[in-house]
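For reference, the structure is listed below as structure tokens.
Please treat every number below as a calculation from the coordinates, not as lab data. What you see is a predicted model, and the numbers here were worked out from it, not measured in a lab. A quick note on method: Cβ atoms are made from the backbone with ideal geometry, for glycine too, and the neighbour counts reach across all protein chains shown.
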Amino acid sequence: MKDIVRNCRLCKEPMESSLFMMCPTCLKDSEQIRNFIRKNPLASLEDISQSTNVCIDKIEYMVSLGLNRKGEYEPEMN
Ligand SMILES: [Zn+2]
């Protein structure tokens, strides 16, 4: 049996051990959101959601974790 070492920090799905805090899906979502916010710094959550097809709750959670700015490629420190 394979060890599942952690859960994705965003969607909480179990994922295999990885450098990242998020599963590949959430990494891709966060990358999209980050790019969008960089180009549209004043965009609302609704705008971001419509443009990236990521649900608002998820975006809000990403923003609250600061993942829209930086850090998603850094290993978790704990
Ligand atoms: Zn995830």
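Observations
- One residue stands out among those in segment 6-23 that are exposed (fewer than 13 other Cβ atoms within 10 Å of the Cβ) and touching a strand residue (DSSP E or B) at 6+ places or on another chain (Cβ under 8 Å): the one that is farthest from Y61 (Cα to Cα), which is S17.
- Taking the criterion of being farther than 19 Å from S49 by Cβ and either near the ligand (Cβ under 10 Å from one of its atoms) or in contact with an Asp or Glu (Cβ under 8 Å, 6 or more places away or on another chain) (or both), the residues of segment 17-31 that qualify are S17, F20, M21, C23, P24.
- Taken over segment 32-42, the criterion of being exposed (fewer than 15 other Cβ atoms within 10 Å of the Cβ) and either within 13 Å of the chain's Cα centre (by Cα) or within 7 Å of the ligand (Cβ to nearest atom) (or both) is satisfied by N35 alone.
- Against the numbered list (1) hydrophobic (A, V, I, L, M, F, W, C); (2) touching a residue at least 24 places away in the same chain (Cβ under 8 Å); (3) part of a helix (DSSP H, G or I), M22 comes up short only at (3).
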